[in-house]
Ligand code: BGC
């Protein structure tokens, strides 16, 4: 077990940010930077133990800050906040007051606004005893229109069981919506091909139906007989053409006890035998099939990152919860502690 630290680059404001590489005895490696709390690389074994990088990302900070990246803004590997996914028309009311947020994904608010937690520099503490690093960010009152000063931390640690464990915590001094998630795009072939051949199982009997701007209508629909039924394994590509809006970009309602850490998803890449299991304490998972990747960015092997070169499994509360009274609550009150644990576990068979 060890942690390596190196310089990752300088932000436009001249702040130097670092890259931390966690390694375990099995040779698995995870690299994370304190810019955006971004996971830049995950070297995971196939059935013969051969390591490949299974997340989309870049070798230096410039990859995440250059114009092309800012334009397409795919949130590669980042921690997303203060509110992951969409809030309808960027509006919500809390304790009788209306709040207005940036409509950066017109007509809606997406992933925390113009400068979300994915684009800020986080404080760092190395945690050698758990082969991890803890990132901390203090989001000021009114930042991106959200009420209250929010103190957020996220810890990444790599276990000897090849688990990447994410532990989140947040506290506030005023009531505020909080919905943190992790936005890695996985490709278990190591970007050798797209993700349509990956087999996916989701522990979800329902999904949140969305309108044409990807805002939930409030309806939880049974997946049975639909292309959203991943209760048994199906390849991502098998029914994707039947999904309106260009592919999967939906929140699934996990079958689980509230707050308990439970299996949410299993992904198997048949050729390499790489397997990823996702466990979470959250009630939902956004399965996004990389529909908006447009070939303008360059992948780790020098090829364009085209549509469906990666998929996300973003464990979260449901989109637009601040405007959906029937969805699980996302408002954090002063004195309460927001907690989330999500585990991405890798193996090969
Ligand atoms: C959203 C997509 C969005 C993507 C990148 C996902 O979490 O659901 O609609 O395009 O993030 O921003």
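Of the residues that make up the range 67-79, is at least one surrounded by fewer than 19 Cβ atoms within 10 Å (Cβ to Cβ), without any contact (Cβ under 8 Å) to a residue 24 or more places away in the chain and farther than 22 Å from residue 194 by Cα? So far as the range 67-79 goes, yes, one or more of its residues are surrounded by fewer than 19 Cβ atoms within 10 Å (Cβ to Cβ), without any contact (Cβ under 8 Å) to a residue 24 or more places away in the chain and farther than 22 Å from residue 194 by Cα.
Of everything in the range 125-135 that is assigned to a strand (DSSP E or B) and surrounded by 18 or more Cβ atoms within 10 Å (Cβ to Cβ), the residue that is nearest to the ligand (Cβ to nearest atom) is 135.
Residue 334 fulfils the conditions (1) in a loop (DSSP other than H, G, I, E, B); (2) within 15 Å of the ligand (Cβ to nearest atom); (3) in contact with a strand residue (DSSP E or B) (Cβ under 7 Å, 6 or more places away or on another chain) except for a single criterion, (2).
Could you please give the count of residues in the range 198-222 that are touching a residue at least 24 places away in the same chain (Cβ under 8 Å) and at negative phi? Quick ask: steps written out before the conclusion?
Pass one, the range 198-222, residues touching a residue at least 24 places away in the same chain (Cβ under 8 Å): 198-208, 210, 212-216, 218, 220.
Now restrict to residues that are at negative phi: 198-208, 210, 212-213, 215-216, 220.
The qualifying residues number 17.
Working only within the range 179-192, note down all residues that are part of a loop (DSSP other than H, G, I, E, B) and within 16 Å of the ligand (Cβ to nearest atom). Spell out how you get there, then give the answer.
Here is the first cut: in the range 179-192, the ones part of a loop (DSSP other than H, G, I, E, B) are 180, 183-185, 187-192.
Answer for the range 179-192, where residues must be part of a loop (DSSP other than H, G, I, E, B) and within 16 Å of the ligand (Cβ to nearest atom): 180, 183, 184, 185, 187.
Given the criterion within 16 Å of the ligand (Cβ to nearest atom), closer than 25 Å to residue 114 by Cβ, in contact with a strand residue (DSSP E or B) (Cβ under 6 Å, 6 or more places away or on another chain) and at pLDDT 95 or above, identify the matching residue among 75, 83, 35, 69. Let's see the steps before the verdict.
Values: 75 fails: in contact with a strand residue (DSSP E or B) (Cβ under 6 Å, 6 or more places away or on another chain); 35 fails: within 16 Å of the ligand (Cβ to nearest atom); 69 fails: in contact with a strand residue (DSSP E or B) (Cβ under 6 Å, 6 or more places away or on another chain).
Of 75, 83, 35, 69, the one residue that is within 16 Å of the ligand (Cβ to nearest atom), closer than 25 Å to residue 114 by Cβ, in contact with a strand residue (DSSP E or B) (Cβ under 6 Å, 6 or more places away or on another chain) and at pLDDT 95 or above is 83.
Give 200, 151, 188, 110 a once-over and let me know the one that is closer than 17 Å to residue 333 by Cα and touching a strand residue (DSSP E or B) at 6+ places or on another chain (Cβ under 8 Å). Can you show your working first?
On the way: 200 fails: closer than 17 Å to residue 333 by Cα; 188 fails: closer than 17 Å to residue 333 by Cα; 110 fails: closer than 17 Å to residue 333 by Cα.
Exactly one of 200, 151, 188, 110 is closer than 17 Å to residue 333 by Cα and touching a strand residue (DSSP E or B) at 6+ places or on another chain (Cβ under 8 Å), namely 151.
Where strands (runs of 3 or more DSSP E) fall wholly inside the range 241-323, the ranges with 3 or more residues that are within 11 Å of the ligand (Cβ to nearest atom) and either touching a strand residue (DSSP E or B) at 6+ places or on another chain (Cβ under 9 Å) or under 20 Å from residue 80 (Cβ atoms) (or both) are 249-254, 284-288, 312-316.
Condition first: over 17 Å from residue 180 (Cβ atoms), more than 16 Å from the ligand (Cβ to nearest atom) and at pLDDT 95 or above. Can you find one or more residues in the range 106-119 that meet it? Checked against the condition, which is being over 17 Å from residue 180 (Cβ atoms), more than 16 Å from the ligand (Cβ to nearest atom) and at pLDDT 95 or above, the range 106-119 yields no hits at all. Of note, residue 254 satisfies the criterion of being over 15 Å from the mean Cα position of the chain (by Cα), modelled with pLDDT of 95 or more and over 30 Å from residue 48 (Cα atoms). When the residues of the range 80-112 are filtered to those that are assigned to a loop (DSSP other than H, G, I, E, B) and surrounded by 23 or more Cβ atoms within 10 Å (Cβ to Cβ), the one that is farthest from the chain's Cα centre (by Cα) is 101.
The values are calculated or read from the model by the stated rules, or taken from the named source; none is laboratory data. Please read these numbers as outputs of a predicted model, since none were measured by experiment. All Cβ positions, glycine included, derive from the backbone under ideal geometry; neighbour counts span all protein chains shown.
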